[in-house]
Structures are given as structure tokens and as C-alpha cells.
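Beneath this line is the structure, given in C-alpha cells, with notes to follow.
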Amino acid sequence: MSGYQPSLFDGADTAGDQAVVRFAGDFAGWQRAARRHLAAAVPPEAIWWQPAPVSFEAESDAAAARASERPGTIRVPKRFVELARAAACHSAPDRWALLYRLLWRLTHGERHLLSLAGDSDVATVSGYAKAVRRDVHKMKAFVRFRAVDEAGYETPRYVAWFEPSHDIVAYAAGFFVRRFANMRWSILTPERSVHWEGEGTPWFSPGADRAQAPGEDPLEMAWQTYYESIFNPARVKWSAMRSEMPVKYWKNMPEAQLIPKLVAGADRRVATMEAARRDTDTLHCGPRPASPAAVTEAAAEAYPAFSLERLAARAALCRNCALCGPATQTVFGEGPVDARLMIVGEQPGDREDLAGRPFVGPAGQLLDRALAEAGIDRQEIYLTNAVKHFKFTPRGKQRLHAKPDYDEVRACRPWLEAELGHVNPATVITLGATAARALLTREIAVTRERGRPIAWHGRTLWPTVHPSHLLRAGETNGPGYARFVADLARAATE
Ligand code: URA
């Protein structure tokens with residue numbers, strides 16, 4: 001302490017054997033004071049750090065003040081500056097002394113101090129920085145702006161209320177400036193508020209009262225509806241949810257007001273989903289059935305009580321084979337439950353996988369045209385596939401169709417059986433070899449057997465080619481296509 005003149009700096013005074021250092025109570029203010037005291041070789045134990053309330057003009061002046069300081073006088077690792085900038089926002093009163101102690105040690109022979117994770121100063125500053133970053137993360141995630149008309153402007157100002165745990169408003173402001181650069185906005189908090197005019201630099205003002213923040217606006221309704229639609233009851237983990245989205249933020253978040261209601265219904269919805277999963281478990285394919293009739297009978301026994309919608313809901317959870325993993329969703333059949341004609345394809349393609357509906361891609365469009373020319377109304381038939389998940393091989397950004405193997409066809413067969421049992425069509429058209437094999441449980445040469453009826457469990461089954469075959473062969477108008485139309489027409493009328 002010898003030679004130290006506290007009164008030279010920042011209005012310092014003495015408290016016992018420590019010098020009271022008053023400084024603008026933010027990182028920039030501490031930085032200026034710390035530089036001067038370090039340059040004067042004032043040791044950490046000699047200082048009592050006394051932050052003054054932040055002057056809001058000082059925030060904007062801080063950058064200018066930093067620029068005017070002599071650069072390069074103190075060299076510290078960049079990581080320290082980052083840690084210190086974050087830790088300075090922590091609400092712990094000892095943070096300023098801690099930062100100066102670290103600065104002192106780094107510049108007095110402990111240059112590698114920060115790599116000593118077990119050092120108590122290093123552990124404390126890291127903990128402070130982590131807590132602050134977590135608070136900033138919450139602010140980024142949970143700030144909800146509401147539009148407020150502002151006199152003299154055609155566009156609204158967006159105003160949000162937030163209650164941080166630490167003094168992070170200035171620290172986090174840059175994120176909001178970048179993110180909402182073109183809007184005029186204010187974020188009000190109990191300690192200080194930040195404002196952006198769509199250009200220039202953000203400015204700060206004292207803390208606000210929650211009552212100063214606006215209430216609801218129409219955007220909230222839209223946001224609530226969206227949140228309700230994406231809410232997945234099976235994913236509700238109360239403790240994780242409360243720690244990720246602490247209850248104190250809920251009152252400012254329109255969607256959070258839905259949480260109690262959604263969660264109250266969650267148990268019931270999860271129970272329904274689990275019951276569906278249990279039902280689905282009974283559909284696991286066992287060993288290959290002794291005869292096709294055995295499968296049909298088992299399926300008929302299993303499903304009579306289910307509506308087609310319930311079956312589709314259960315199929316959505318199907319895990320009978322590995323195709324459910326990469327596929328987007330189960331593509332169940334569609335059409336009237338009393339359809340007289342059922343058409344069975346192979347498996348959904350890329351477009352069907354994304355849309356969740358059968359035959360909506362290029363093959364589906366060709367089928368639609370052929371159906372129309374054959375005088376068949378798509379709305380009156382039941383359209384489905386032997387396999388309900390898209391099997392593909394990724395190739396760059398593309399997903400190339402891959403033929404399902406027989407085990408996958410068998411794994412899916414209970415669903416097809418169930419659809420047949422429900423719809424009970426008199427006539428079934430199979431498109432391509434996979435669909436024919438799925439039902440007949442034997443391989444057939446489609447090109448030889450097409451256009452000829454096969455008596456099958458009290459129904460008539462008509463095999464024909466798959467429209468993708470016509471697409472691949474470039475036969476979308478010629479004789480191949482005409483024959484396909486004729487096959488469809490004959491099956492529908494005979
Ligand atoms: N091919 C099929 O077999 N089914 C579809 O749903 C689409 C393409």
C-alpha cells in the first residue's frame with residue numbers, strides 16, 4: 001500500500017485499511033477503475049469496491065471512454081475478458097473484488113491461472129459467468145414483444161417485459177439489436193430497460209414496472225394456437241420443463257398460460273396414446289402364418305371393434321419393422337369405409353411420406369388420370385399400400401425409392417388385413433408385384449397374370465402393373481398406359 005493515494009481515483013475514500021473505490025457499477029466502469037489501480041500496483045486486498053448506480057448515459061459513453069484509454073497497457077488472456085464481462089453481470093456483490101483479484105493474479109506471475117479449474121477464484125468466476133449466460137439464454141427464449149401504437153409513427157413499437165435474475169440487459173442487448181434490427185422495440189425490466197429505434201445505438205433507461213408493459217395483442221392468440229398445436233403431452237417432463245422454463249417467466253409468455261390446461265389433459269392423452277401403443281404391440285408379426293387365411297382370421301378377430309380412424313391412429317405408432325425409423329410418418333390408406341373397390345400399391349413414395357397420404361406424387365397423378373379415363377371416381381375407392389412406411393436410400397439431398405423386402409411386407413400385413421376387414425371390398429386391384437405378393441403370399445408374374453381375375457377369399461383380385469413402371473418405361477400415353485386403363489376399367493366393372 002505504500003505510496004498509494006486512494007483519493008487520486010474514482011472518488012476513493014478509506015474504509016479501515018481498505019480504499020473505497022467508487023466506480024460506475026458496470027463492467028466498463030469496473031474496467032476503467034481496475035486498469036488505473038492495477039497500473040498503480042494497488043493489491044486486491046487493499047480495495048473495497050463500491051459500485052455506484054449505473055448512469056444510463058454512461059452506457060453509451062462507455063465505448064467512447066474505452067476508446068480514449070491508452071491501449072495495450074495491460075495484457076490478459078482474451079478468455080478472461082470474456083469471462084469477466086459475463087461474470088460482471090452476476091448479482092453477487094463480491095464479483096468486482098473477485099474480478100480484480102483474478103486480474104491481479106493473471107498479471108502477477110499466474111498467466112495460466114484460468115486453466116486451473118480447481119482454483120477457487122477460477123471456479124467461482126466460471127460459475128458466475130455460467131449463471132449469467134443461462135439467464136441471457138432465458139431472456140432470448142422467453143422475451144415476448146407486444147405491439148404498441150406510438151404517437152408519430154405509422155408502425156408500432158414492440159415492448160416486452162422481462163425479469164432477469166442478473167444484470168444482463170446491457171450484456172444481452174446486442175442479440176436483440178441484431179435479431180430485431182428493423183423494428184423499434186423496448187425491453188423493460190425492474191432494474192433497467194433497453195430501447196432500440198431501428199437504427200443507431202441502443203439506449204438505456206431506469207427499470208420499469210410491469211404495469212408499464214402492455215398486455216395482450218392479437219398476435220398472442222395466433223401464438224397460443226400454434227403452441228397448442230405443437231404441444232406433445234407425451235413429452236411433458238414437469239421437472240425439466242420447470243427448470244428450462246422457470247415459472248417466474250410464465251406470466252409474460254402467452255403460451256405459458258395454456259400450459260396448466262394442456263398439462264391437465266396430458267395424462268389422459270398420454271394414456272390414450274399408450275393404450276394405442278399396447279394395441280399396436282399385439283400387431284407384431286410373429287412367425288410366418290401357416291396359411292393366408294390364418295392371417296385374415298387373426299386380423300378379423302383383432303380388429304372388429306376398431307374404426308378405420310382408430311386403426312390409422314394405431315398404425316401411426318407402428319414399430320413392427322425398421323422402416324418406421326427413417327420414414328417421416330405412417331401413410332395409412334384412405335377412402336370410404338364402404339368402398340366396393342380397393343386399390344393396393346407398393347409403399348408410399350417421397351411425396352406421400354411427407355404428405356401422409358397415399359398416391360399424391362407422380363405415380364399418384366398418373367393413377368388419377370388413368371382412374372378418370374377408366375371411369376372410376378377416386379373419391380369412391382379405398383386406396384392403400386402393402387407397406388405403410390417409405391423405404392428409401394439417401395442420395396445427397398434426395399431419397400431414392402428402395403423396394404421393400406418381404407419381411408417388411410409381412411410386418412405391415414396386419415394393417416392391410418385390417419383395412420380389408422373393415423372396408424370389405426368386393427374387388428381388389430393390386431398394382432405391381434409387391435402388392436400382389438403381399439395379398440396372395442406368393443410371387444406372380446404380373447405381366448402374365450394381369451387383367452385376369454383371381455378368386456381370393458370371397459373377393460376378386462385383379463393384378464396389374466404399377467404406374468411407376470409406366471413412368472419409368474416412358475409409357476404415360478402409349479399402348480402400355482392404355483392397357484393399364486383397360487385393366488382398371490375391367491376390374492371396376494366385372
Ligand atoms: N407408389 C405406391 O405404391 N404408393 C404410393 O402411395 C405412391 C407411390
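Laboratory data are not the source of any read-out in this text; all were calculated from the coordinates shown. All of these numbers come straight from a predicted model, not from anything done at the bench. As a convention, Cβ positions derive from the backbone with ideal geometry for all residues, glycine included, and neighbour counts pool all protein chains shown.
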Contact order normalised by length for region 297-493, with contacts defined as Cα pairs under 8 Å and 6 or more residues apart; what percent is it? 24 percent
Residues with amide H under 5 Å from that of residue 343, placed H, sequence gap 5 or more: 382, 383, 384, 429
Work through the residues other than residue 329 whose Cβ is under 12 Å from its Cβ and net out their charges, Lys, Arg +1 and Asp, Glu -1. 0
Taking H as built 1.01 Å from N, whose amide H comes closer than 5 Å to the amide H of residue 184, not counting residues under 5 places away? 158
If you place +1 on the Cβ of every Lys and Arg, -1 on the Cβ of every Asp and Glu, and leave all else neutral, what size is the dipole of region 297-493 about its Cα centre, to the nearest 20 Debye? 480 debye
³J(HN,Hα) across region 83-93 via Karplus (A = 6.51, B = -1.76, C = 1.60, θ = phi - 60°), whole Hz, x for Gly/Pro? 4, 5, 4, 6, 5, 4, 7, 5, 7, 5, x
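Need the full-extension length gain, residue 337 to residue 457, defined as separation in residues times 0.36 nm minus the C-alpha distance. One decimal, nm.
Numbers: separation 120, 0.36 × 120 = 43.20 nm, distance 1.88 nm.
Extending this stretch completely gives an extra 41.3 nm.
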Please turn the phi angles of region 362-377 into ³J(HN,Hα) values with the Karplus equation 6.51 cos²θ - 1.76 cosθ + 1.60 (θ = phi - 60°), one per residue in order, whole Hz, x for glycine and proline. x, 5, x, 5, 5, 4, 4, 5, 5, 4, 4, 5, 8, x, 10, 8
With θ set to phi - 60°, apply the Karplus curve 6.51 cos²θ - 1.76 cosθ + 1.60 along region 331-343 and write out the HN-Hα couplings as whole Hz, x wherever there is a Gly or Pro. 10, 7, x, 8, x, x, 6, 9, 4, 8, 10, 10, 10
Under 5 Å between amide H atoms, partner at least 5 residues away or on a different chain: which partners does residue 24 have, H built in plane at 1.01 Å? 52
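Label region 328-431 by shape, choosing from rounded, prolate and oblate, from the square roots a ≥ b ≥ c of the eigenvalues of the Cα gyration tensor; if a/c is under 1.5 it is rounded, and otherwise prolate applies when a/b is larger than b/c, oblate when it is not. Don't jump to the answer; show the numbers that get you there.
Values: a/c = 2.20, a/b = 1.35, b/c = 1.63.
Because a/c hits 1.5 or more and a/b fails to exceed b/c, region 328-431 counts as oblate.
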Distance check, please: which entries in 78/138; 130/248; 138/248 exceed 22 angstrom between their Cα atoms? 78/138
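Normalising by the residue count of region 93-194, find the relative contact order in percent from Cα pairs under 8 Å and 6+ residues apart. Working shown, then result.
Numbers: 88 pairs, mean separation 19.9, N = 102.
Reported relative contact order: 20 percent.
How much net charge surrounds residue 449 when only the other residues with a Cβ under 12 Å from the Cβ of residue 449 are counted, with Lys and Arg +1 and Asp and Glu -1?
My count for the surroundings of residue 449 gives +3.
By average Cβ neighbour count within 10 Å, what is the ranking of 185-196, 101-112, 401-412 from highest down?
Those peptides, ordered most packed to least, come out 185-196, 401-412, 101-112.
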